[in-house]
Amino acid sequence: MENIINLKDIEVVFEDGERILKKINLDIKDKEFVTFLGPSGCGKTTTLRIIGGFLEPTSGDVFFEGKRINGLPPYKRNVNTVFQRYALFPHLNVYENIAFGLKVKKLPDKEIVRRVGEMLELVNLKGFEKRSVSRLSGGQQQRVAIARALVNHPKVLLLDEPLGALDLKLRKEMQVELRKIQQALELTFIYVTHDQEEALTMSDTVVVMNNGNIQQIGSPTDIYNEPVNAFVADFIGESNIINGIMPEDCVAEFSGHRFECVDKGFAKNERVDVVIRPEDIKIIPPEKAKLTGIVESVVFKGVHYEMTVDGMEHKWIIHSTLHEPVGTMIGMDIAPFDIHIMKKSEE
Amino acid sequence: MKTKWVSAPYLVWMTVFIAVPLLMIAVFAFTSNDGGFTIKNIQDVGQYANIFFRSIWLSVIATAICLVMAYPVSFILSRMEKHRQATMLMIVMLPMWMNFLLRTYAWMTLLGNNGVINHLLGLIGIGPLKLINTSGAVVLGMVYNYLPFMILPLYSVMVKIDKSVIEAASDLGCGSFATLFRVIVPLSLPGITSGITMVFVPAISTFIISRMLGGGSNLLIGDLIEMQFLGNAYNPHLGAAISLVLMVIILVIMTVMNQFSPDDQVLI
């Protein structure tokens, strides 16, 4: 697949000297669903605004289909944006909102009617043409915003936390629907979110960001199973992160014991982060275990119980379908391939 | 509603100082000196048609100038950072803290035949120009005094236009002009109509500005009314009739204006 957007050494420094983006490089492939994922303030929205043309990078180049587009205003870029709080035009009704871009481009009326009709069908808003946008529910407003952007047939659709204001059930429905639309229209979607679950369900590629840097780029499976550092591991789902050392290849030492693992290539006795997913910890009788702890709390989460276990040096989070009562001593067992060893991040 | 009674003080105020006087004006307008009913006063207003037209014309010009000057300023103001907006608004309001008469009087000394401006022009060999006692001076006085009344309503509507709506317009293909006319103007319409009202109504009924800056030749409706009550022409019945006609004119103009305003933001 060809790259549609390239970002080269993009740096953004605000007037007060704050560095929002620190020389990031990123290639976005055509027809992909790419998600920028990270905590607030990580630079994900800033990156999106640079692609949209609403913000000029302090230094670095933006390429669109190989052409440098720095300085090109938003209205001359072949991308459209779905804004965070929709930003619908309050003085126009549903039809006029969707038709806005086409009217500005002075397309023939027939063409406008046809394309807006297509969009209304696509986002299930047929019959709402004359409705004032202020009288729509959040979910419906969201659909208008998506239709208003897509009607222009952009090559790339930028979505800035578009589902943030919707309730959980609606959000899940819209996730599926957005993914369907993206695949049906064969467009590139660039999606910004701080919700890791959303990123994992929808994306082809996830770009994890923190502190103005890209931490990891990869498929949802890669990111989840092979996080490159403790930040990614922690951000993508809950994790137990413990300080440890690597006495030799395939052996990790933490919490006062040595464990067999599958990672190698570290310096002898290098200090590392040991990452263990809560669902990878098995509860066994304490007398058979190297790791023991006392159950501190149990919360029912639907599919599983979430337990916190006080293991002296570390408070463990365990997800398990079985649960032990608070106050009992339990043993914990971890399979070698579930022990992920990561280099200490520099920051 | 149990809280209705809290509006009682205003209801009393309204009755005593608004409804009753209005009624009295109407009574005066339709009676003659001996107390009998007559429409002669209203008919007499027709003699002053030229003054009515001049008043309307000058206040329309002043309102238009205020709108053209205030619109860009208000928009820029509304896009500034919050703390700078407060400072700038204060500067806009600053002249209004000075007494109205004093401000207008200051223009007399500036525009006078031996005034500051003519003096400066004289230094470079121009003039003296006739600046004061012209209709231009009256319009200038109106614009100067009423400009803040245009800026404030415009600003308060524009500040509510979300930045992302303007970005959305740009995203959907609008250059600066298209964004202005397709999004910003429609969304600031309530501010435009109330700004026009706030400037036009006091401008059309002013008498101080025309008296001080317009000389005798630029009589406005306000001066005419004043003359009927306080001047040599003393005729309160005619004065009341003129006031009534002026009120009707303003009412008609405002009603027409409200046709352009969104339904939920009617002004009167």
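The values are calculated or read from the model by the stated rules, or taken from the named source; none is laboratory data. Nothing here was measured: the structure is a model prediction, and the numbers come from that model. Backbone-built Cβ (ideal geometry, glycine too); neighbour counts: all protein chains shown. Heavy atoms of the whole protein, side chains included, go into the accessibility calculation; ligands, DNA and RNA do not. Shrake-Rupley method; radii C 1.70, N 1.55, O 1.52, S 1.80 Å.
Points worth noting:
- The sole residue among A:P154, A:P162 that is assigned to a loop (DSSP other than H, G, I, E, B), within 24 Å of the chain's Cα centre (by Cα) and within 11 Å of another protein chain (Cβ to nearest Cβ) is A:P154.
- For the residues B:S217, B:S210, B:S194, B:S205, the requirement of being closer than 30 Å to B:K130 by Cα, under 16 Å from the mean Cα position of the chain (by Cα) and open to solvent by 20 Å² or more (accessible area, probe 1.4 Å) singles out B:S205.
- Any pair with Cβ under 8 angstrom, 6 or more apart, that starts in segment B:160-174 at a residue that is at the interface with chain A (Cβ under 7 Å from one of its Cβ atoms) and ends at one that is of a type in the set (K, R) and surrounded by fewer than 19 Cβ atoms within 10 Å (Cβ to Cβ): B:D162/A:R85; B:S164/A:R85; B:G173/A:K105
- Residue match in segment A:121-137 (condition: in contact with a strand residue (DSSP E or B) (Cβ under 8 Å, 6 or more places away or on another chain), buried (at least 17 other Cβ atoms within 10 Å of the Cβ) and either within 13 Å of another protein chain (Cβ to nearest Cβ) or outside any loop (DSSP other than H, G, I, E, B) (or both)): yes
- The one condition from (1) open to solvent by 30 Å² or more (accessible area, probe 1.4 Å); (2) within 31 Å of the chain's Cα centre (by Cα); (3) not basic (K, R) that A:P286 does not meet is (2).
- Residue count, segment A:140-172 (criterion: touching a helix residue (DSSP H, G or I) at 6+ places or on another chain (Cβ under 9 Å), surrounded by fewer than 17 Cβ atoms within 10 Å (Cβ to Cβ) and within 20 Å of B:A168 (Cα to Cα)): 3
- Across segment A:53-61, not a single residue is classified as surrounded by 21 or more Cβ atoms within 10 Å (Cβ to Cβ), assigned to a loop (DSSP other than H, G, I, E, B), away from chain B (no Cβ under 14 Å) and touching a Gly at 6+ places or on another chain (Cβ under 8 Å).
- Failed item in (1) open to solvent by less than 10 Å² (accessible area, probe 1.4 Å); (2) more than 8 Å from chain B (Cβ to nearest Cβ), with A:P108 passing the rest: (1)
- Pairs, first under 15 Å from B:G195 (Cβ atoms) and away from chain A (no Cβ under 14 Å) in segment B:254-266, second part of a loop (DSSP other than H, G, I, E, B) and at pLDDT below 80, C-beta under 8 Å, six or more apart: B:M254/B:L267; B:M254/B:I268; B:M257/B:L267; B:N258/B:V266; B:N258/B:L267; B:N258/B:I268
- Segments classed as strands (runs of 3 or more DSSP E), wholly inside segment A:260-347, with at least 3 members that are free of Cβ contacts under 8 Å to residues at least 60 places away in the same chain: A:281-284, A:291-300, A:305-310, A:315-320, A:329-334
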